[in-house]
Amino acid sequence: MPNIASVLKEEIARVSRKEARAETQQLKKSSAHFRSDIAALKRRIAALEQLVGRLGKAAGKKPAEALSDDLAAGSFRFSASGLLAQRKRLGLSAAEAGLLLGVSDQSVYKWENGKTRPRASQFPAIAALRSLSKKQAAARLDA
């Protein structure tokens, strides 16, 4: 005949396991629900990031207003070799580039050789030079 204390002890352990299982079952359900919600949100974020990337590519270059805002914020970085490359890309002489920028040809020459740097007030004109095509540059020179 089993000892009454051991039977009681086993019954208490069984009931406590049953109660603990009932409590943790609700937590497991909540956890699974939260994991599925998180996965759905991650999929949605990925889709939105792809859409933003496509829209960014479709938008192309920034409009002139955004460009001037960036210049005001100090995001324009002048590079002597960059100015030379832009001038060569447009097929301009230093004198023609000076006319487009509103400075002398000697200034353009010194900027390209790194002897001097343009003033901050001249940065917008240099930045605008970057967005010109050969035809647009020729049209501005003719005008």
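Computed from the coordinates by the stated procedures, all read-outs in this text should not be read as laboratory data. As the structure is a computational prediction, the values presented were derived from the model and not from experiment. Note: ideal-geometry Cβ built from the backbone for every residue, glycine included; neighbour counts use all protein chains shown.
The label point for F78 and the one for H33, both projected 7 Å from the Cα toward the Cβ, are 6.3 nm apart. Ratio of Rg to Rh for segment 1-60: 1.61 [Cα atoms; Kirkwood radius as inverse mean 1/r over pairs]. Spatially close Lys pairs in segment 1-60, defined by Cα atoms under 27 Å apart and a spacing of eight or more places or different chains, total 6.
Under the convention that each Lys and Arg Cβ holds +1 and each Asp and Glu Cβ holds -1, the size of the dipole of the chain around its Cα centre is about 400 debye.
Each listed q (0.14, 0.16, 0.18 Å⁻¹) maps to a log10 I(q)/I(0) for the chain from the Debye sum over equal C-alpha point scatterers, namely -0.81, -0.93, -1.06. Each of D142, D105 has some number of other Cβ atoms within 10 Å of its Cβ, and from fewest to most they run D142, D105.
With the charge dipole of segment 1-60 set up from +1 on Lys and Arg Cβ and -1 on Asp and Glu Cβ about the Cα centre, the Cα lying farthest toward the positive end among the listed residues A58, L8, L41 is that of A58. Taking every DSSP helix (H) stretch of at least 4 residues in the chain, weighting each as -39,500 (n - 2.57) and dividing the sum by the residue count yields a mean residue ellipticity at 222 nm of -25500 deg cm²/dmol.
The simple spin-label model puts a point 7 Å past each Cα toward its Cβ; for R44 and R17 those points are separated by 4.2 nm.
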